[in-house]
Each structure stands twice: as structure tokens, then as C-alpha cells.
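The structure appears right after this line, and notes come after that.
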Amino acid sequence: MINVQFAALPERWATYETPLRAAFAEAGLEVDLRLDHAPDEVNYVVYAPNSDLQDFTPYTRCKAVLSLWAGVEKIVSNQTLTMPLCRMVDPGLTAGMVEWVTGHVLRYHLGIDRTTHTQDRWEPVVPPLAEERPVTVLGLGALGQACASMLATLGFPVTGWSRSKKSIDGITCRHGDDGLRDALATAQIVILLLPDTPATENKLNSDTLALLPKGARIINPGRGPLIDDDALLAALDGGQIGHATLDVFRIEPLPMDHPYWAHPRVTVTPHIAAETRPLTAARVIADNIRRGEAEAPFLHQVDRTLGY
Ligand SMILES: NC(=O)c1ccc[n+]([C@@H]2O[C@H](COP(=O)([O-])OP(=O)(O)OC[C@H]3O[C@@H](n4cnc5c(N)ncnc54)[C@H](OP(=O)(O)O)[C@@H]3O)[C@@H](O)[C@H]2O)c1
């Protein structure tokens, strides 16, 4: 019997219990799934960082902590978590992110706000074709690659930027500091899908925002600290950046007195770009437990030194 502890907000248990049990059965795993195993009997923890479980020291037989969240910045700093940590790469979450990003790119590309809200006279402005609208995706991981590929399929010339060198069909791939300069130089729309790590903090700042063509649009479903907020506000006020759609913030919920709320060139969404979907995520967790039991490498294991 494999002992699995579910450690997330209590209301998540109702959402995840049935899909997890079904996925374990489907994978042929005999699992005792509970909220309350004795810590020293737990083999795997299914984990969200906002659960009460913060001290992993008593979890002496735990083979892996399996995160329900894609972003692990709140977990990697936990010094008591010394066992392998896997982040969530969920096909359902990825599909949601592709839909959200594509929708917001098309809103900018087609000028949907102008034609639906603010146009008060017959003034035909035909949008260019996608092939005339260069788009850049910062971060070419599970989510960045999926979004970049969808945008390329729609005809946008897509440049992607990552830490390590990559080659992806249909995407111009850049990496490193020089690569960032190239990736930003022509981008009319920039999408941030980087993790929150010390190396990515304030990646969009006054210097890098100045590299963009005037009037470029920013879409951030990644994490709040990727952007220097003061620099972005200054770039929006000065017209260097035409508009920003922000889903994630340094403080969430975004405080009501934050200048983003009232800014005419900012759209705020409340961290809803992509949720983990229990049905598909449960299968990913079951697959990783199956791997752990077979002593095969875990999928999506976090590199603690890189922080993602
Ligand atoms: N708003 C939401 O609802 C929501 C939902 C889910 C996730 N997210 C956010 O989306 C982020 C990305 O998720 P993911 O699953 O795609 O992550 P991932 O697979 O770990 O991909 C991260 C990408 O960022 C690149 N990267 C990391 N550090 C870098 C650096 N210093 N310079 C350049 N590139 C760097 C990586 O480069 P390499 O390929 O070279 O490693 C990789 O391409 C998550 O960390 C989370 O913060 C938000």
C-alpha cells in the first residue's frame, strides 16, 4: 500500500479526492489517500503551498512532494523540504493558458476594444494580418512553448526566449542576455511566462522596456515580480508601452489603492489565466507516483539551485 497525503486548502479535498482515487486506480496503484496520515508513514505528499503543512521534517519516508501548482517559488525556499519536489505540468492547465494568452493577444491584435467600446464614428481601421505582428514569448517551458506554438499556428511571427538554447519548429528561439535584446527589439506584443526566481526578478525594467518598439503591449500571466512596476507605470504614462494586461502581482489580491486598477492603459485580471484542472492533474500525479514506485526518474522535478 502506498500512503499519499493530500495537503492543500481544505476545500480542495472535495475537488480532488474523486479524480485522484480514479487516477490511482487507472494507473493500477494501491493507494491509501488521506488528509491525516502519521507523517512518518507518508510516501508522497500532494501539495499546495497554502496548506497548513510547512514543516516536512517528520516526513522521513516521503519519496516526493508533488505540487498542485505550476509555480513553485513559495516552495523552493522551504529548507525542511529536502525530498524531490515536482511542479505541476497539467494538460488542462496548459490548455487554459493557451486560450487565455491567445484571447488577449487577439484582443490587442484586432483592436477589439477600439471597435467594441470606444469607437463613436464610422472610421474603418483594418487590422494587419497576424503575419505582420511580431510577438515575443519570454519563457519557453511547458506553458511558453504551448502558447508560442498556438500563436505561430495563427500566423504570428513568434520569437521565444529562454535560459538555455532551444530549437522549436516555427519559433525563432533566443537565449541569454543578447538573446533578450533581440527578442524584444521587434516585439509588438510581449507575453511573460517565466518562473519567479532571483534571476527573473524585474526582467522587464526601464532598460528592457526601452528596447521594445514604441507602443508595444505587455501580457503577464507569469508572476508579478517579473516586472518592475514603477518602470512599467512610467513606460505606460510616457507611451513607450501602449497597454498592459496583468494577471499576477507582487501582492495578491492586488491592493485596491494600487495605480494599476485605475490606469487607463492597464487591464487587471485576478490571477485566473490558468487553473490546475483536477481530472488531468490527478493523472499527472498518479504517473509520478507510478514512476517513484518503479524507481524511474520523476517528471517535472524542480531544480532547487535554479528555483524552478
Ligand atoms: N497566471 C496563472 O494562472 C499561472 C498558471 C500557471 C503558471 N503560471 C506561471 O507560469 C510560469 C511558467 O510555467 P511553466 O510551466 O511554463 O514553467 P517551466 O516549464 O519551468 O518554464 C520556464 C521557462 O522559463 C525559462 N527561464 C527560467 N529562468 C530563466 C532566466 N533566468 N532567463 C531566461 N529564461 C528563463 C526556462 O528556460 P529553460 O527552458 O532554459 O529552462 C523555461 O523556458 C510558472 O512558473 C508560473 O509562475 C501562472
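Each reported figure results from applying straightforward, stated rules to the coordinates on display, with no laboratory input. Here the structure is a predicted model, which means the values were calculated and not measured. Every residue, glycine among them, receives a Cβ derived from its backbone with ideal geometry; neighbour counts consider all protein chains shown.
Structure above, values below:
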read-out	value
Fluctuation leader among R12, R21, R133 - the chain, Gaussian network, Cα springs under 10 angstrom	R12
The range 1-142 - Kirkwood radius from inverse mean 1/r over Cα pairs (Å)	18.6 Å
Whole-Å semi-axes of the range 262-308's equivalent ellipsoid (Cα gyration tensor)	35, 17, 5
Degrees separating the helix 91-110 axis from the principal Cα axis of the chain, which is the longest one	10 degrees
Whole-number D in µm² s⁻¹ for the range 204-308, Kirkwood Cα-pair radius fed into Stokes-Einstein, 4 °C, 1.567 mPa s	79 µm²/s
Unit charges on C-beta of K, R, D, E only; dipole of the range 230-308, Debye	220 debye
Semi-axes of the equivalent ellipsoid for the range 1-44, Cα gyration tensor, largest first, Å	16, 16, 5
Point-charge dipole on Cβ atoms (K/R +1, D/E -1) for the range 36-125, about Cα centre, debye to 20	300 debye
Dipole magnitude of the chain about its Cα centre (Cβ charges: Lys, Arg +1; Asp, Glu -1), debye to nearest 20	600 debye
Restraint check, K74/K214; K74/K203; K165/K203, Cα-Cα greater than 26 Å	K74/K214
Cα long-axis angle, helix 142-153 against the chain (0 to 90 degrees, to the nearest 10)	40 degrees
Dipole of the chain [Lys/Arg +1, Asp/Glu -1 at C-beta], most positive-end residue of L151, M97, N220	L151
Selected from P10, V45, A27, residue furthest toward positive end of dipole (the range 1-62; charges at beta carbon)	A27
Residue of I285, I171, I112 that the Gaussian network model of the chain assigns the largest fluctuation, springs spanning Cα pairs under 10 Å	I112
Rounded tilt (10° steps) of 176-185 against the dominant C-alpha axis of the chain	40 degrees
